[in-house]
Amino acid sequence: KIVVLDGYTLNPGDISWSGLEEHGELTVYDRTPADKIVERIGNAEIIFTNKTPLTRETFDRCPEIRFVGVLATGYNVVDTEYAKSRGIPVTNIPTYGTAAVAQFAFALLLELCHHVGAHSDSVHKGDWTKCPDFCYWNYPLVELAGKTFGIIGFGRIGQAAARIAQAMGMKVLAYDQFFDPKLENDELKYARLDELFAGSDVISLHCPLFPSTQGIINKTNIAKMKDGVMIINTSRGPLVVEQDLAKALNSGKVAGAALDVVSTEPIGSGNVLLKVQNCIITPHIAWAPRESRNRLMNIAVDNLKAFLSG
Ligand code: NAD
């Protein structure tokens, strides 16, 4: 028995599930609320989840689980230590969306720099260049060439983002707990975290959510950044202390932030970031071009096959 707890994220109408169907009796739920997780898993052995949490309690109450496939790169929704202690392999899908997420980080950054949406809205409303309703100076444009792009987490997506930044004429500072000096070049240098905070015009987060990275964008670190810095987060919401970022946006210390991820998803109506200016928020969609979702499904099936073949 194979259960997918939150298939809606893959858009089942768009992506074929036949690769999973070949391996068992497949049930795909669109979404599973917390109070239905145990009931829906029942005695199924193979579980796929994207964002539905699998806790220690779930594993205890669903003793038939033999395999967990996370339909995502980040696997913080699963208590992997506990799964490991019970001999249950947990697989993730690290490579399917590398290009898509790096591209999205730049979609966010370019929107902060150009306000394409706001300018287009003005034109659609009939205001071509009429001030004050529409004026370039209400939405100042920013040129990126020559500026410094700071990357926290220089893995697959961080490196793909660096290639785009360099193609745009930016210098890159990269911080990672493991850094291969062979990756350095004239315009791409490894930096300690404090050097990156002090030297970057844009800071883009590409590290996973771990206790060591949680809250890495906080008031102490924001104080070390350049005035007018821009912050991009396509990684995980809890990397940012949202109250601290909101204050920094309101004071102008941070000129703009663009976030594909927030501390609680879906975002709560009380989230402080909904009320600040110059903060773009998208609903965790960086990974979602159709090309990426197809790749994700194919790798999920390969992971299951690898498990079934021992
Ligand atoms: P990756 O594993 O290739 O790279 C992560 C890098 O972070 C690694 O080089 C690792 O050494 C580094 N790192 C780990 N702990 C660190 C620390 N304490 N300080 C600095 N660096 C540290 O992962 P990836 O494929 O590049 O993905 C990065 C993240 O992007 C994922 O963890 C996930 O949270 C996020 N993601 C988001 C979306 C989306 O739709 N928004 C989609 C896919 C992935």
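The values are calculated or read from the model by the stated rules, or taken from the named source; none is laboratory data. Keep in mind it's a predicted model, so treat the numbers as computed, not measured. Cβ atoms come from the backbone with ideal geometry, glycine included; neighbour counts cover every protein chain shown.
With respect to the stated conditions, Leu173 is closer than 24 Å to Ala100 by Cα, touching a helix residue (DSSP H, G or I) at 6+ places or on another chain (Cβ under 6 Å) and hydrophobic (A, V, I, L, M, F, W, C).
Only a single criterion out of (1) closer than 23 Å to Glu291 by Cα; (2) assigned to a loop (DSSP other than H, G, I, E, B); (3) not acidic (Asp, Glu) is not satisfied by Gly69, namely (2).
Yes/no per residue for (1) part of a loop (DSSP other than H, G, I, E, B); (2) more than 16 Å from the ligand (Cβ to nearest atom); (3) buried (at least 16 other Cβ atoms within 10 Å of the Cβ); (4) modelled with pLDDT under 90:
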position	(1), (2), (3), (4)
Tyr75	yes, no, yes, no
Phe106	no, no, yes, no
Leu112	no, yes, yes, no
Cys131	yes, yes, no, yes
Pro140	yes, yes, no, yes
Phe149	no, no, yes, no
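Every listed requirement among (1) farther than 30 Å from Val142 by Cβ; (2) touching a strand residue (DSSP E or B) at 6+ places or on another chain (Cβ under 8 Å) is met by Glu111 save one, (1). Of everything in region 20-58 that is under 25 Å from the mean Cα position of the chain (by Cα) and in a helix (DSSP H, G or I), the residue that is surrounded by the fewest Cβ atoms within 10 Å (Cβ to Cβ) is Ala34. Cβ-Cβ distances below 7 Å connect the following pairs, each with a first residue in region 92-104 that is among the polar types (S, T, N, Q), a second residue that is part of a loop (DSSP other than H, G, I, E, B), and a separation of six or more residues or different chains: Asn92/Ala72; Asn92/Thr73; Asn92/Tyr75. Restricting attention to region 58-85, the residues being among the hydroxyl-bearing types (Ser, Thr, Tyr) and in contact with a strand residue (DSSP E or B) (Cβ under 7 Å, 6 or more places away or on another chain) number 2. Look at (1) surrounded by 13 or more Cβ atoms within 10 Å (Cβ to Cβ); (2) over 30 Å from Lys305 (Cα atoms) and you find that Asp79 fails only one, number (2). Listed here are the helices (runs of 4 or more DSSP H) enclosed by region 182-297 that have at least 2 residues being within 11 Å of the ligand (Cβ to nearest atom): 193-199. Scanning region 283-300 turns up at least one residue that is farther than 13 Å from Thr91 by Cβ, basic (Lys, Arg) and crowded, with 18+ Cβ neighbours inside 10 Å.
When the residues of region 77-104 are filtered to those that are assigned to a loop (DSSP other than H, G, I, E, B) and small (Gly, Ala, Ser), which remaining residue is modelled with the highest pLDDT?
Gly87
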